Amino acid sequence: MDSANQMNRKELQALEASQKAYEFVLKKEKGAKLPQVFAFGNVSYLNAFGTDLTVKDLPRVGDLKLESNHLKMAPNFALGVGMKWTIFEGKAHKTAIDKAKLDIQINENKLADTKEKLSLLQRKTEVDYNLARKKIQVSNQQVEIAKNNLHLASRQFEEGLSDVTERLEAENEFYKQSLGYYNQVLNQRMAASELLKANGNLYQTITK
């Protein structure tokens with residue numbers, strides 16, 4: 001039962017995961033106030049085929065005709081680092097941060113409250129389980145005493161030292177204590193089940 005006593009409730013795991021998510025949101029909102037840096041790059045070039053360039057009827061120059069069947073310029077590279085800094089959204093940004101902090105506080109309160117309630121439930125079910133185990137021990141002793149009394153009453157009846165009424169009373173007492181013992185065993189099993197449920201380990205224990 002040692003491993004089964006460890007708290008493994010899904011509620012706690014969900015709240016702890018939510019806490020990490022809310023903390024991440026807060027960091028993200030705080031980081032949004034800082035300048036956003038990004039890198040960029042670009043490559044371009046000019047390539048033309050079958051290009052005709054004609055200039056005519058120009059004063060003092062005469063007719064001028066230029067022809068080109070292939071024109072290709074070298075690639076044009078552009079690399080750099082940019083920065084974006086939004087400075088006119090202060091109120092909206094502060095509201096987002098305040099909301100993130102509030103979400104964290106609300107979730108922390110839920111987590112603390114859930115831990116306290118589950119801890120109390122765990123202690124209660126553990127006390128009930130230990131008490132049920134002790135009752136089994138006591139009931140087992142009572143069964144042994146009733147068994148010995150029945151054996152003694154049977155011998156006395158056979159030897160004529162007691163009547164049939166005393167023999168039947170001893171037998172009834174033995175069956176009564178035996179039934180009480182099995183009831184205590186059932187109670188102990190139920191207490192163990194409640195303890196496993198309180199710790200969130202019932203399914204894992206059953207499927208082992």
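The values are calculated or read from the model by the stated rules, or taken from the named source; none is laboratory data. Remember, it's a predicted structure, so these values are computed and weren't measured experimentally. Heads up, the Cβs are rebuilt from the backbone with ideal geometry, glycines too, and the neighbour counts pull from every protein chain shown.
Numerical summary
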read-out: Residue that is nearest to THR114 (Cα to Cα) [pool: residues in region 9-34 that are at pLDDT below 75 and not in a helix (DSSP H, G or I)]; value: ALA32
read-out: Matching option when the condition is farther than 30 Å from GLU11 by Cβ, surrounded by fewer than 13 Cβ atoms within 10 Å (Cβ to Cβ) and of a type in the set (A, V, I, L, M), among LEU161, LEU186; value: LEU161
read-out: Residue, modelled with the highest pLDDT, within region 185-208, restricted to residues that are part of a loop (DSSP other than H, G, I, E, B) and under 19 Å from LYS124 (Cβ atoms); value: GLY200
read-out: Only one of GLU126, GLU116 that is surrounded by 14 or more Cβ atoms within 10 Å (Cβ to Cβ) and either modelled with pLDDT of 95 or more or farther than 17 Å from TYR182 by Cα (or both); value: GLU126
